[in-house]
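Here, each number is a calculation from the coordinates, and none is a lab measurement. The model shown is predicted, which means the values in this text are computed figures rather than measured ones. Quick reminder, even Gly has a Cβ in these numbers, built from the backbone with ideal geometry, and neighbours come from all protein chains shown.
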Amino acid sequence: MMNKINRTFLSGFALAAIILLGSCSNSVKQAPEVSTTSSPQTSPIAQNNPSAVATNTEKIKFKQEGGAEAFALKPEADGAKLLDEKDKEIARFNVDAGGKVKIKSAADKVLGYVVVKDGYWKIENADQTKELYVLRRQNDGDYKLEDGADKEIYRIKARDYGFEVESPDKQSLYKVKVKNGKTSLINAADKPVFSTKSQVNPAAIASFGFDVLSKEQKAALAYAVNRSGGK
């Protein structure tokens, strides 16, 4: 009699275990899949990563507030071209093996150079006999533009939104703001000068706020800074 009871108990226990295991199996099968992908948020810090900005192969378009194209940088095999709003060539930038950028007019006349070194960029004249301006990166992530006599012309201060271009007496001149995948140059009146949705280093955009430079020098410096990731 006792053996019969034991067999009955064991059979019932085994059946309960099978039912329980089956229930767990069904719960695992029915569990919803959790996506591991996400949309990374672009920030000024992320855009200061050299690997994120030095690989542009498509035309970088800069647009006015209303959406009309202001100008563009078109990558070439040996550098880039600066184009106006009608895609007409303004200047071209040829890069040598050492990273030096030669600035040439649309008529192929040499206008100057941007010499790229670790932590600074020098703008030189067409004969490379005179240092005109130097953009220097500071240890704290700020930048300074100096003339050939080491006189400070602009301060470029790192901000949580991007950069701010200031005069030596700390007067705000321009801001570079990065928001929702768009990088904009804002003037002192808080009005947008232009913006781009292309992946460009914000420090490079600050170069367009250096009013002491020519249009060709601004674009060449921006191109050089962007190529080197702002470092």
Determine the sum of side-chain charges near Glu146: Lys and Arg each +1, Asp and Glu each -1, restricted to other residues whose C-beta is under 9 angstrom from that of Glu146.
0
So for segment 189-231, using the alpha carbon gyration tensor with a ≥ b ≥ c as root eigenvalues (a/c under 1.5 gives rounded; past that, a/b versus b/c decides prolate or oblate), I'd call it oblate
Stretch gain in nm, segment Asn180-Arg159, where the contour uses 0.36 nm per residue and the Cα spacing is subtracted:
5.9 nm
Contour minus Cα-Cα distance for Ser214 and Asp118 (0.36 nm per residue):
32.2 nm
Charged-residue dipole, Cβ positions (Lys, Arg, Asp, Glu), segment 54-123 about Cα centre, Debye nearest 20
220
Could you size up the charge dipole of segment 89-204 around its Cα centre, putting +1 on the beta carbon of Lys and Arg and -1 on that of Asp and Glu, and report it in debye to the nearest 20?
440
Given 0.36 nm per residue, what is the gain on full extension from Ala97 to Asp190 after removing their alpha carbon distance, in nm?
29.5 nm
Taking the Cα centre as origin and putting +1 on Lys and Arg beta-carbons and -1 on Asp and Glu beta-carbons, what dipole magnitude results for segment 154-231, to the nearest 20 debye?
280
Please give the net charge around Glu166, taking every other residue with its beta carbon less than 9 angstrom from that of Glu166, where Lys and Arg add +1 and Asp and Glu add -1.
+1
Net charge of neighbours whose Cβ lies under 13 Å from the Cβ of Lys182, counting Lys and Arg as +1 and Asp and Glu as -1
+4
Ranked packing of 209-215, 145-151, most packed first, by mean Cβ within 10 Å
209-215, 145-151
